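The values are calculated or read from the model by the stated rules, or taken from the named source; none is laboratory data. Here the structure is a predicted model, which is why all the values come from computation and not from measurement. Please note: Cβ atoms are built from the backbone with ideal geometry, for glycine as well, and neighbour counts cover all protein chains shown.
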Amino acid sequence: MANRRLKLQKFELENVNFQWLGAYRLRIEVTDPNESGADPYIFLFLRRPANPYNGDTFDDFHGAASPVDMEYYPVGEPNGLTSDPFYRLDVLELDFRSLSEFQETWTLIVADASNLLLALNRMEELTPTEEVYVGADDETGGSSSSSSA
């Protein structure tokens, strides 16, 4: 079984003045993929349509990618050839109104990233379950047979 590993580095404000600062910023950088080739681009974003007045675009964080998302969605920018404007990054920055929301989100992201790596590792543990022979056994277009494990 593969043993993927990534480092999630958390950045946050220190020495917060609670009377003047009404927000908490969380930044997470994914680094240090080990030799197994863990892909650090695990954060899934959705690109919103451009503002028709000034052309600005905004991206929404959707969570840690699933194993299928890791294969399907590109890194850095959405694929302009598909109708799904999703893409993946290795950096995430979010703002929160409360410290409890900040802490809960960090805990959830760590759990989601762990689950993703576990799922990717488990997906390599395939077991043969069926064999099927296809094609003609004889001149008349004959038969096929199969067996299950």
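Would you check if Asn17 is part of a loop (DSSP other than H, G, I, E, B), over 28 Å from Ser114 (Cβ atoms), of a type outside the set (Ser, Thr, Tyr) and at pLDDT 90 or above?
Numbers: part of a loop (DSSP other than H, G, I, E, B): yes; over 28 Å from Ser114 (Cβ atoms): yes; of a type outside the set (Ser, Thr, Tyr): yes; at pLDDT 90 or above: no.
In short, no.
Pick from region 51-76 the residues that are in contact with an Asp or Glu (Cβ under 7 Å, 6 or more places away or on another chain) and of a type in the set (Gly, Ala, Ser): which of them is nearest to Leu116 (Cα to Cα)?
Just the residues of region 51-76 that are in contact with an Asp or Glu (Cβ under 7 Å, 6 or more places away or on another chain), to begin with: 63-64, 70.
Next, from what is left, pick out any that are of a type in the set (Gly, Ala, Ser): 63-64.
Values: Gly63: 11, Ala64: 8 Å.
Looking at the filtered set, the residue picked out is Ala64.
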Practice task
Enumerate the pairs (first residue in region 22-45 and more than 11 Å from Asp90 (Cα to Cα); second residue anywhere and among the β-branched types (Val, Ile, Thr) and part of a loop (DSSP other than H, G, I, E, B)) with beta-carbon separation below 8 Å, excluding pairs fewer than 6 apart on the same chain, so at least 6 apart or on different chains.
Solution key: Tyr24/Val16
Completion exercise
Filter region 24-39 for residues that are in contact with a Leu (Cβ under 9 Å, 6 or more places away or on another chain) and in a loop (DSSP other than H, G, I, E, B); the one that is modelled with the lowest pLDDT is Asn34
Practice task
Tell me, yes or no, whether region 124-147 has at least one residue that is surrounded by 10 or more Cβ atoms within 10 Å (Cβ to Cβ), at pLDDT 90 or above and within 29 Å of Gly22 (Cα to Cα).
Solution key: no
Problem - Pairs where the first residue, in region 119-141, is among the polar types (S, T, N, Q) and the second is in a loop (DSSP other than H, G, I, E, B) and modelled with pLDDT under 90, C-beta under 7 Å, 6+ apart - result: Asn121/Met1; Asn121/Ala2; Asn121/Asn3; Asn121/Arg4; Thr129/Ala149
Handout entry: Index of the failed condition, Gly55 passing every other in (1) under 16 Å from Gln9 (Cα atoms); (2) exposed (fewer than 13 other Cβ atoms within 10 Å of the Cβ); (3) out of contact with any strand residue (DSSP E or B) (no Cβ under 6 Å at 6 or more places or on another chain)
Key = (1)
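If I ask for residues that are free of Cβ contacts under 8 Å to residues at least 60 places away in the same chain and in contact with a strand residue (DSSP E or B) (Cβ under 9 Å, 6 or more places away or on another chain), which ones from region 88-100 would you list? Break it down into steps so the answer makes sense when it comes.
The first filter runs over region 88-100 and keeps only residues free of Cβ contacts under 8 Å to residues at least 60 places away in the same chain, leaving 88-89, 100.
If the condition is that a residue be free of Cβ contacts under 8 Å to residues at least 60 places away in the same chain and in contact with a strand residue (DSSP E or B) (Cβ under 9 Å, 6 or more places away or on another chain), then Arg88, Leu89 are the ones that fit.
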Handout entry: Condition check for Ser114: surrounded by 13 or more Cβ atoms within 10 Å (Cβ to Cβ), without any contact (Cβ under 8 Å) to a residue 12 or more places away in the chain, under 19 Å from the mean Cα position of the chain (by Cα) and under 30 Å from Leu126 (Cα atoms)
Key = yes
